[in-house]
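K.L.:
My questions all concern the structure below.
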Amino acid sequence: MPISEEHVGRSYPATAPYEVSRAKIAEFARALSDPDNPAYAGLEPVAPPTFAVVLASAAWDAMFADPELELSLSRTVHADQRFTWNRPLRAGDAVQAQLKIEKVRARGATAIITISVLLSTTDGEALCTATSTLMHTNVEAA
């Protein structure tokens, strides 16, 4: 059975810890063409806000691997992204990401799926919630 409203509330185990490093923050800042921003450099840098998507997207793997949902990344469009922050990601943070399906709406052969990914330290401190809206075409329509 493809993903449906019955799957709302389903959550997946947290990802393995990811250590945010000064090097990864610097790489991401360079990719954003913002390598000279003092917030992203020095001894205590913070990660650019969109760095959270690196961690959040790792949590997507479990959902796309769930055979009951019949999801395929190749039939998915990432339509919207929002972040709700408690504090910035900092170098040295060991972060896990846990995905939950928040909402599913069927519109013909398309499922509109809202997911949230809670980013928290391995000590349990909530850092950020990344909320995404995905548009997925079901296999029979592909």
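K.L.:
Any chance region 126-142 includes a residue that's closer than 30 Å to residue 22 by Cα, small (Gly, Ala, Ser), in contact with an Asp or Glu (Cβ under 9 Å, 6 or more places away or on another chain) and surrounded by fewer than 17 Cβ atoms within 10 Å (Cβ to Cβ)?
P.N.:
Scanning region 126-142 turns up no residue that is closer than 30 Å to residue 22 by Cα, small (Gly, Ala, Ser), in contact with an Asp or Glu (Cβ under 9 Å, 6 or more places away or on another chain) and surrounded by fewer than 17 Cβ atoms within 10 Å (Cβ to Cβ).
K.L.:
Tell me the residue from 108, 92 that is surrounded by fewer than 16 Cβ atoms within 10 Å (Cβ to Cβ) and at pLDDT below 95, please.
P.N.:
Working: 92 fails: at pLDDT below 95.
Unique residue meeting the criteria: 108.
K.L.:
Please count how many residues of region 74-87 are closer than 30 Å to residue 125 by Cβ, more than 11 Å from the chain's Cα centre (by Cα) and hydrophobic (A, V, I, L, M, F, W, C).
P.N.:
2
K.L.:
Looking at region 111-125 only, could you name the residues that are farther than 14 Å from residue 11 by Cα and either open to solvent by less than 40 Å² (accessible area, probe 1.4 Å) or out of contact with any Lys or Arg (no Cβ under 9 Å at 6 or more places or on another chain) (or both)?
P.N.:
Step one: filter region 111-125 for residues farther than 14 Å from residue 11 by Cα, giving 111-112, 120-125.
Of everything in region 111-125, those that are farther than 14 Å from residue 11 by Cα and either open to solvent by less than 40 Å² (accessible area, probe 1.4 Å) or out of contact with any Lys or Arg (no Cβ under 9 Å at 6 or more places or on another chain) (or both) turn out to be 111, 112, 120, 121, 122, 123, 124.
K.L.:
Hey, residue 73 hits all of (1) exposed (fewer than 15 other Cβ atoms within 10 Å of the Cβ); (2) more than 26 Å from residue 9 (Cα to Cα); (3) free of Cβ contacts under 8 Å to residues at least 60 places away in the same chain; (4) not polar (S, T, N, Q) but one; which does it fall short on?
P.N.:
Here residue 73 meets the rest and fails (2).
K.L.:
Applying the selection to region 29-64, what residues are open to solvent by less than 60 Å² (accessible area, probe 1.4 Å) and either assigned to a loop (DSSP other than H, G, I, E, B) or over 21 Å from residue 80 (Cβ atoms) (or both)?
P.N.:
29, 34, 37, 39, 40, 41, 42, 45, 46, 47, 48
K.L.:
Identify all residues within region 76-89 that are among the aliphatic types (A, V, I, L, M) and open to solvent by 30 Å² or more (accessible area, probe 1.4 Å); write none if there are none. Spell out how you get there, then give the answer.
P.N.:
Let us first name the residues in region 76-89 that are among the aliphatic types (A, V, I, L, M), namely 77, 79, 89.
77, 79 - these are the residues of region 76-89 that are among the aliphatic types (A, V, I, L, M) and open to solvent by 30 Å² or more (accessible area, probe 1.4 Å).
K.L.:
Look at residue 70 and say whether it is part of a loop (DSSP other than H, G, I, E, B), more than 17 Å from the chain's Cα centre (by Cα), closer than 23 Å to residue 104 by Cα and not β-branched (Val, Ile, Thr). If you could, list the steps in order and put the result at the bottom.
P.N.:
On the way: part of a loop (DSSP other than H, G, I, E, B): yes; more than 17 Å from the chain's Cα centre (by Cα): yes; closer than 23 Å to residue 104 by Cα: yes; not β-branched (Val, Ile, Thr): yes.
Criteria met by residue 70.
The values are calculated or read from the model by the stated rules, or taken from the named source; none is laboratory data. All of these numbers come straight from a predicted model, not from anything done at the bench. Positions of Cβ are backbone-derived with ideal geometry, glycine not excepted, and every protein chain shown enters the neighbour counts. Note: areas computed on protein heavy atoms with side chains; ligands, DNA, RNA excluded. Shrake-Rupley method; radii C 1.70, N 1.55, O 1.52, S 1.80 Å.
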